[in-house]
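Novice: Take this structure, written in structure tokens, and hold onto it; I'll ask about it next.
The values are calculated or read from the model by the stated rules, or taken from the named source; none is laboratory data. Treat the numbers as computed from the prediction; the structure is a model and nothing was measured. Counting neighbours? That spans all protein chains shown, and the Cβs are built from the backbone with ideal geometry, glycine included. Heads up: the accessible areas ignore ligands, DNA and RNA and are worked out on the full protein's heavy atoms, side chains in. Shrake-Rupley method; radii C 1.70, N 1.55, O 1.52, S 1.80 Å.
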Amino acid sequence: MKRLALALFAAFSTAALAATPPPGRAKSRPCAVCHGQVGISITPDAPHLAGQPRIYLITQLKAFRSGKRMSPVMNIIAKPLKDADIADLAEWYSSLMIEAKEKP
């Protein structure tokens, strides 16, 4: 009986962990306005973030935060981000897979 209870607990714990979205996904909600829910831009002046290299995303967000890279919108959005927030966002967007196809 104990083994069965332990097995069920382990199964439900694993399922609960798998159902928990990565922190970057939740933190990306404000980004979705311009960059789309899964990092595919929905505005002509915002780049796609899905599939970008993690280090690139970290570097760019830190540059926006510091003012080294200028963008009226992104400088304001990035200013309050902590390093952990930036790392979580970069992890989320870099984990997204995209597929490129030539136009017919």
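Novice: Scan the range 66-102 residue by residue and report those that are among the polar types (S, T, N, Q), surrounded by 16 or more Cβ atoms within 10 Å (Cβ to Cβ) and either in a loop (DSSP other than H, G, I, E, B) or free of Cβ contacts under 8 Å to residues at least 24 places away in the same chain (or both). Break it down into steps so the answer makes sense when it comes.
Specialist: Pass one, the range 66-102, residues among the polar types (S, T, N, Q): 66, 71, 75, 94-95.
Filter once more, so that each one left must be surrounded by 16 or more Cβ atoms within 10 Å (Cβ to Cβ): 75, 94.
Asn75 - this is the single residue of the range 66-102 that is among the polar types (S, T, N, Q), surrounded by 16 or more Cβ atoms within 10 Å (Cβ to Cβ) and either in a loop (DSSP other than H, G, I, E, B) or free of Cβ contacts under 8 Å to residues at least 24 places away in the same chain (or both).
Novice: Follow-up question, since we're still on this one. Going by what's in this entry, would Leu49 be described as out of contact with any Pro (no Cβ under 8 Å at 6 or more places or on another chain) and modelled with pLDDT under 50?
Specialist: Numbers: out of contact with any Pro (no Cβ under 8 Å at 6 or more places or on another chain): yes; modelled with pLDDT under 50: no.
Answer is no for this residue.
Novice: Please enumerate the residues belonging to the range 15-65 that are over 19 Å from Leu81 (Cα atoms), open to solvent by less than 50 Å² (accessible area, probe 1.4 Å) and either in a helix (DSSP H, G or I) or hydroxyl-bearing (Ser, Thr, Tyr) (or both).
Specialist: Residues satisfying the conditions are Ser41, Thr43.
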